[in-house]
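Enquirer: I am attaching a structure below and will ask some questions about it afterwards.
The values are calculated or read from the model by the stated rules, or taken from the named source; none is laboratory data. Being a predicted model, the structure only gives us computed values, none of them experimental. No Cβ is skipped: glycine too gets one built from the backbone with ideal geometry, and neighbour counts run over all protein chains shown.
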Amino acid sequence: MANYTQLNERIFVIDTHDLGREARTGSYIIKDEKITIVETSASPSIPFILEGLKELEIDKNDVEFIIVTHIHLDHAGGAGLLLEHCPNAKLVVHPKGARHLADPSRLIAGARAVYGESFDALFDPILPIAKEKLIVKNDQEVLAIGPNCTLVFLDTPGHANHHFSIYDPVSNGIFTGDTIGIYYHELAKDGIDLFLPSTSPNQFRPDKMITSVEKIKALDVSAVYFGHYGMSTNVKEVFTQLKHWLPIFVNAGKQSFEETPNASPTQHKDTIRDILFKKVSSYLDEREIPRNHEVYEIIGLDLDICAMGIVDYMNKTK
Ligand SMILES: [Zn+2]
């Protein structure tokens, strides 16, 4: 089976199998004059990218740009390793992310603290990137990758402060990382589009997320390329659901902190996760998705992490 899916004339997605899961993370390949990759996922995902490039008959030496939407490890952890395989490529990153790619010691320490003994299997190695390989793009800055294609970078915080989104004028599409949520691709075959916000720790800010959503919405794009996972052309629904779910996520945090002000962070996290799980599952019940559907496993994991980010946000704002 091919490692990649063709999305339109010149954009392909390679399944990078983050956490060993299918359709969890993807790397986008833009086959323009200058071959450009968007997102790398973590280092264990790099073999999938290399295999996909081979299938697409792209020489690794011809890759010119590797762009990461933000520096969370499931998007950028493998960037240093991929650069070793693509020696002529430059790495394009948000101004707030660059120094952590040059010196990943804080990223490594943070991931070790969270993942403990699983760190090696999930993320190793996280390699530093030489400063001269890094290109920083501020809000509204551009990158020409072909005679007809100049990508535009938009500062889009909310999920993380080191997050930008990348507008592609040729497909009138945008690579949004985690800014405007997660697309639950597992439900596509059931004819259901589910988009939930990604509120993971520890820079989640709902107000910034809404500003970023509005900024992206104003572009009137025809396609959204999600970090997790794949492309949606049901663009109106993406924004509608984000605006539907985001207040529900924040209110779950408010409810927990109001009703049990003395609870521990873990207790708050569990309460918030359970509230959200109920809301999402009743939404899916109404759409006749059975409770044993494979999507529930990943929703369970995501809501747990989202709940952690909401606890962090509540603690910072109370
Ligand atoms: Zn992510």
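Enquirer: Checking the conditions here, which among E9, E64 is of a type outside the set (A, V, I, L, M) and either part of a loop (DSSP other than H, G, I, E, B) or within 15 Å of the ligand (Cβ to nearest atom) (or both)? Don't jump to the end; show me each part of the working.
Expert: On the way: E64 fails: either part of a loop (DSSP other than H, G, I, E, B) or within 15 Å of the ligand (Cβ to nearest atom) (or both).
Exactly one residue qualifies, and that residue is E9.
Enquirer: I'm trying to understand the selection: among the residues of segment 23-34, which are within 16 Å of E51 (Cβ to Cβ) and in a strand (DSSP E or B)?
Expert: G26, S27, Y28, I29
Enquirer: If we keep just the residues of segment 127-138 that are charged (D, E, K, R) and surrounded by 15 or more Cβ atoms within 10 Å (Cβ to Cβ), which is farthest from C86 (Cα to Cα)? So that I can check it myself, show each step before the final result.
Expert: As a first pass, look at segment 127-138 and keep what is charged (D, E, K, R): 131-133, 137.
Right, trim to surrounded by 15 or more Cβ atoms within 10 Å (Cβ to Cβ) and you get 133, 137.
Numbers: K133: 11, K137: 21 Å.
Looking at the filtered set, the residue picked out is K137.
Enquirer: In this structure, is R106 touching a helix residue (DSSP H, G or I) at 6+ places or on another chain (Cβ under 8 Å) and away from the ligand (no atom under 16 Å from the Cβ)?
Expert: Values: touching a helix residue (DSSP H, G or I) at 6+ places or on another chain (Cβ under 8 Å): yes; away from the ligand (no atom under 16 Å from the Cβ): yes.
Here the answer is yes, as R106 does meet what is asked.
Enquirer: Then there is this: Enumerate the pairs (first residue in segment 190-201 and within 16 Å of the ligand (Cβ to nearest atom); second residue anywhere and among the charged types (D, E, K, R) and part of a loop (DSSP other than H, G, I, E, B)) with beta-carbon separation below 8 Å, excluding pairs fewer than 6 apart on the same chain, so at least 6 apart or on different chains.
Expert: S198/D178; S200/D178
Enquirer: Select, from F239, F277, F257, F226, the only residue that is at pLDDT 95 or above, within 16 Å of the ligand (Cβ to nearest atom) and closer than 27 Å to K316 by Cβ.
Expert: Working: F239 fails: within 16 Å of the ligand (Cβ to nearest atom); F277 fails: within 16 Å of the ligand (Cβ to nearest atom); F257 fails: within 16 Å of the ligand (Cβ to nearest atom).
Result of the check over F239, F277, F257, F226: F226.
Enquirer: Condition first: under 21 Å from F204 (Cβ atoms) and buried (at least 18 other Cβ atoms within 10 Å of the Cβ). Now tell me which residues in segment 139-165 satisfy that. So that I can check it myself, show each step before the final result.
Expert: Of the residues in segment 139-165, the ones under 21 Å from F204 (Cβ atoms) are 139, 154-165.
Hits for segment 139-165 are L154, D155, T156, P157, G158, H159, A160, H162, H163, F164, S165.
Enquirer: Okay, next question. Could you list all residues from segment 71-103 that are part of a loop (DSSP other than H, G, I, E, B), in contact with a helix residue (DSSP H, G or I) (Cβ under 7 Å, 6 or more places away or on another chain) and crowded, with 17+ Cβ neighbours inside 10 Å? It would help to see each step written out before you state the result.
Expert: Narrowing segment 71-103 to residues part of a loop (DSSP other than H, G, I, E, B): 71-72, 77-78, 86-89, 94-97, 103.
Filter once more, so that each one left must be in contact with a helix residue (DSSP H, G or I) (Cβ under 7 Å, 6 or more places away or on another chain): 71, 77-78, 86-89.
Residues satisfying the conditions are I71, G77, G78, C86, A89.
Enquirer: Filter segment 202-214 down to the residues that are surrounded by fewer than 17 Cβ atoms within 10 Å (Cβ to Cβ) and touching a residue at least 60 places away in the same chain (Cβ under 8 Å) and list them by number.
Expert: N202
Enquirer: Select from segment 165-192 the residues that are in a loop (DSSP other than H, G, I, E, B) and within 17 Å of the chain's Cα centre (by Cα) and list them in ascending order. Let's see the steps before the verdict.
Expert: First, the residues of segment 165-192 that are in a loop (DSSP other than H, G, I, E, B): 169-172, 178-181, 184, 191-192.
Within segment 165-192, D178, T179, I180, G181, Y184 meet the criteria.
Enquirer: Any residue in segment 206-222 that is under 30 Å from T40 (Cβ atoms), touching a Ser or Thr at 6+ places or on another chain (Cβ under 6 Å), within 16 Å of the ligand (Cβ to nearest atom) and assigned to a helix (DSSP H, G or I)?
Expert: Looking for residues that are under 30 Å from T40 (Cβ atoms), touching a Ser or Thr at 6+ places or on another chain (Cβ under 6 Å), within 16 Å of the ligand (Cβ to nearest atom) and assigned to a helix (DSSP H, G or I), one finds at least one in segment 206-222, hence yes.
Enquirer: So in segment 135-160, with the set limited to residues that are among the acidic types (D, E) and in a loop (DSSP other than H, G, I, E, B), which one is nearest to Y313 (Cα to Cα)? Quick ask: steps written out before the conclusion?
Expert: First pass over segment 135-160, keeping only residues among the acidic types (D, E): 139, 141, 155.
Keeping just the survivors that are in a loop (DSSP other than H, G, I, E, B) gives 139, 141.
On the way: D139: 25, E141: 30 Å.
The residue in question is D139.
Enquirer: Right, here's the next one. Among the candidates K243, K254, K279, single out the residue that is farther than 30 Å from R10 by Cα, of a type in the set (K, R), in contact (Cβ under 8 Å) with a residue 60 or more places away in the chain and in a helix (DSSP H, G or I).
Expert: On the way: K243 fails: in contact (Cβ under 8 Å) with a residue 60 or more places away in the chain; K279 fails: in contact (Cβ under 8 Å) with a residue 60 or more places away in the chain.
The match here is K254.
Enquirer: Can you tell me which residue within segment 1-34, out of those that are in contact (Cβ under 8 Å) with a residue 40 or more places away in the chain and of a type in the set (A, V, I, L, M, F, W, C), is surrounded by the fewest Cβ atoms within 10 Å (Cβ to Cβ)?
Expert: Taking the candidates together, the pick is A2.
Enquirer: So I126 ticks every box in (1) within 16 Å of the ligand (Cβ to nearest atom); (2) in contact with a strand residue (DSSP E or B) (Cβ under 9 Å, 6 or more places away or on another chain); (3) over 29 Å from E237 (Cβ atoms) but one. Which box is left unticked?
Expert: (2)
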